[in-house]
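Single-structure report; data block below.
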Amino acid sequence: GLIHWQPPPPEWVCLNSDGSVLPSSGHVAAGGLIRDHLGRCLAAFAINLGTCSITQAELRGAVEGLQVAWDAGLRRVLVQLDSQCAVQLLQGETSDDHPCMTIRGFPYPGWF
């Protein structure tokens, strides 16, 4: 079936973030938005990351989005990502020697 946005439960918000790489230059960016259970956009963000892996961009997008949510006073945040690798890293389902494991303590230890 078609992939479509799943709203969060009432009193929660949904953070959708994504990373991207421009193949011609290798430039990397991440961005996303935060929506309420009715689909209304509460905040949006974008960040230039220079050069890094796509997985790092996906993770930085999640972290930046959580920071935006936190700064807006939002504490019940459902994070939706399209990167299986990023999700596994955030859930602790990868080995400790994965090159992206340092993201688990950035910027706030204990968030993940």
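Near L42, the amide H atoms lying under 5 Å from its own belong to I34, R35, D36; only residues 5 or more places off or on other chains count, and H is placed 1.01 Å from N.
Backbone N atoms of the stretch 4-26 closer than 14 Å to the 7 Å Cα→Cβ label point of L42 belong to residues 7-16. Across E58, E93, E11, the residue with the most accessible area heads the list, and the full order at a 1.4 Å probe is E11, E93, E58. Residue-wise HN-Hα couplings along the stretch 10-22, as the Karplus relation 6.51 cos²θ - 1.76 cosθ + 1.60 with θ = phi - 60° gives them from phi, are x, 6, 10, 10, 10, 9, 10, 10, 8, x, 8, 10, 8 Hz; Gly and Pro carry x. For the stretch 1-59, the solvent-accessible area with a 1.4 angstrom probe is 60 square angstrom per residue.
The values are calculated or read from the model by the stated rules, or taken from the named source; none is laboratory data. Since the structure is predicted, the reported quantities are computational estimates derived from the model, not experimental observations. Glycine gets a Cβ as well: all are built from the backbone with ideal geometry, and neighbour counts include every protein chain shown. Please note that ligands, DNA and RNA were not included when accessible areas were found on the heavy atoms of the full protein model with its side chains. Shrake-Rupley method; radii C 1.70, N 1.55, O 1.52, S 1.80 Å.
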